[in-house]
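Working notes for the structure below.
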Amino acid sequence: MRFAKMKIALLVCVAMSTLLTACGGASSTSSSDKPTVTFMTWESNNTNVAIDSALAKMNDSSLTIKRLPTPSTDFDQKITSLTTAKSLPDFFWCGNDTEQALGAQGVLFDWSSYISKTTADFDQKNFAPEAVKNWYSADGSKLYGLPTLMNTYGYFYNADLFTAANVPLPKAGWTYDDMFAAAKTLTKTDGSQPAAVGGPYTDPFLISNYALSAGGSSFTDRVVSPTKVTTDAKFVEGTQKFVDGLKAGYFTAPNANTGTDTAAAFLTGKVPMLWGGQWLAASFMTANPSFKIGFAPLPIVSKQVHIYDAVGVCSPSYIKNPDAVWKVITYLDTKGWNDILPSAPVAPAAYVPASNAYYDTLKAKNLGSVADSVAYALNAPQKDAVRFIAPWSTKANDVITANWNDILMGKKPVQSTLNTMTQQINDVIKQNS
């Protein structure tokens with residue numbers, strides 16, 4: 001299941017002016033005027049079977065639902081070719097980046113007139129906080145799609161190692177001070193084993209969560225098409241804490257190559273904490289490790305903040321039966337995931353009530369802390385960007401690459417380098433706006 005991988009490829013190469021004119025139609029209508037709603041996913045065969053089964057339960061005699069076959073490994077290429085040919089299905093899996101890129105070029109249908117339509121089964125208020133907001137255009141006028149699944153991030157931990165060291169088990173609401181104290185105790189004094197593999201320090205977007213939680217500013221002024229970046233005093237404070245923690249050996253270096261899969265290393269029972277997304281729990285269910293696994297969300301300073309990272313569904317601008325398509329995509333969001341996720345419990349649904357079966361599956365596998373932490377993160381009232389979502393992303397990321405790891409590893413001074421990096425990124429934004 002590729003929900004967790006987050007489709008970040010920008011399909012700008014297909015966003016040409018020739019795409020802006022509606023031509024043909026993705027959906028078909030029979031002589032009896034019964035529409036067929038077509039869709040494509042990037043999923044595996046097994047997951048597609050689960051999706052087909054879930055949508056079959058919709059049991060709406062007024063329409064037919066048909067999934068079009070697509071090789072999961074070539075999904076982006078397929079969407080590119082279908083976009084060029086103006087032959088996209090009625091809806092298709094898309095990442096936030098792709099949705100924004102194609103939407104800005106007029107390729108996608110605008111659902112803004114539909115989202116406020118409340119029914120017995122659908123109410124936009126049931127989406128996780130800020131989930132829908134980031135599927136609107138930068139000016140907020142057009143809704144390019146609906147989020148389906150969301151990622152949350154935090155530390156998987158070896159509860160046995162915590163207990164043996166008399167360290168309190170981390171949980172939702174733990175603080176950065178709690179995290180650093182635990183890391184200090186759990187790091188081997190001989191330097192042979194840091195307390196944590198990875199952590200919320202590997203890029204500025206993660207440090208941004210520290211700054212926001214401490215009452216400072218986000219690294220980006222908005223998730224979609226930011227107009228500036230900021231590294232204020234709280235951002236500097238958070239960065240310095242991790243620079244010091246890395247120097248003390250609490251965490252693996254951001255560019256460390258352990259020579260083995262980090263999840264596999266965690267399952268050997270030697271690593272106290274492993275940074276990652278909730279999707280790892282699906283593989284841990286079948287691993288049967290010799291120790292108890294827990295999961296704690298991103299720490300806080302004073303207020304709850306979490307990363308915004310989602311995938312969803314989009315539709316081309318030329319769909320013939322938007323009412324029928326809306327029925328299907330809202331059914332998928334409100335009911336479908338409760339049937340799909342138990343067989344592939346990799347992520348919570350963006351439509352909060354549709355995650356109940358997902359949480360029940362985790363709890364049944366003795367991963368209740370994963371369920372609790374994911375729910376806590378999903379419902380965080382404030383979400384922060386996980387990466388740049390803008391046409392100039394590559395250029396801005398090049399600036400980060402040239403500076404960030406050197407800052408963390410003490411090769412460049414924190415304050416002055418952050419100032420320079422911030423100015424250079426803002427210059428990129430201005431030059432490409």
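Every read-out reported here was derived from the displayed coordinates using simple, explicitly stated rules and does not represent laboratory data. Bear in mind the structure is a predicted one, so any value in this text is a computation, not a measurement. As a convention, Cβ positions derive from the backbone with ideal geometry for all residues, glycine included, and neighbour counts pool all protein chains shown.
Structure summary
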read-out: Value at 222 nm in deg cm²/dmol, rounded to 500, when DSSP H runs of n ≥ 4 in the chain each add -39,500 (n - 2.57); value: -10500 deg cm²/dmol
read-out: Test item: Cα-centred dipole of the range 121-250, Lys/Arg +1 and Asp/Glu -1 on Cβ, debye; value: 120
read-out: Highest average packing first - 399-409, 141-151, Cβ atoms within 10 Å; value: 141-151, 399-409
read-out: Under 22 Å from K78, Cα to Cα: lysines that are on another chain or at least 8 residues apart; value: K5, K7, K66, K86, K320
read-out: Cβ-derived FRET efficiency at R0 60 Å, K117 paired with A256, nearest 0.05; value: 0.75
read-out: Rounded, prolate or oblate (a/c below 1.5 giving rounded, otherwise prolate when a/b exceeds b/c) for the range 341-433 by Cα gyration tensor; value: prolate
read-out: Residue order, fewest to most beta carbons within 10 Å, for D372, D261, D309; value: D261, D372, D309
read-out: Ranked packing of 189-199, 56-66, most packed first, by mean Cβ within 10 Å; value: 189-199, 56-66
read-out: DSSP bridge pairs, the chain: antiparallel proportion in percent, nearest 5; value: 65
read-out: Reciprocal mean inverse distance between Cα atoms of the chain - Kirkwood radius, Å; value: 22.7
read-out: Straight-distance crosslink candidates among lysines, where the alpha carbon sits under 21 Å from K430 and sequence neighbours closer than 8 are dropped; value: K228, K395
read-out: Two-site FRET efficiency, D177 against S433, from Cβ-Cβ distance with R₀ of 45 Å, rounded to 0.05; value: 0.70
read-out: Cross-link reach list, aspartates and glutamates versus K171, counting only Cα pairs under 13 Å and skipping chain neighbours closer than eight places; value: D372
read-out: Separation of alpha-carbon centers, the range 49-108 and the range 217-250, rounded to whole Å; value: 36
read-out: Segments 271-278, 167-174, 426-433, 324-331 sorted - mean Cβ within 10 Å per residue, highest first; value: 271-278, 324-331, 167-174, 426-433
read-out: Listed residues V236, P322, G312: farthest to the positive end of the dipole of the range 234-325 (Cβ charges); value: V236
read-out: Span-like helix ranges in the chain, DSSP H, alpha carbon extent 20 angstrom or more, Kyte mean at least -1.0; value: 233-247, 393-408, 414-431
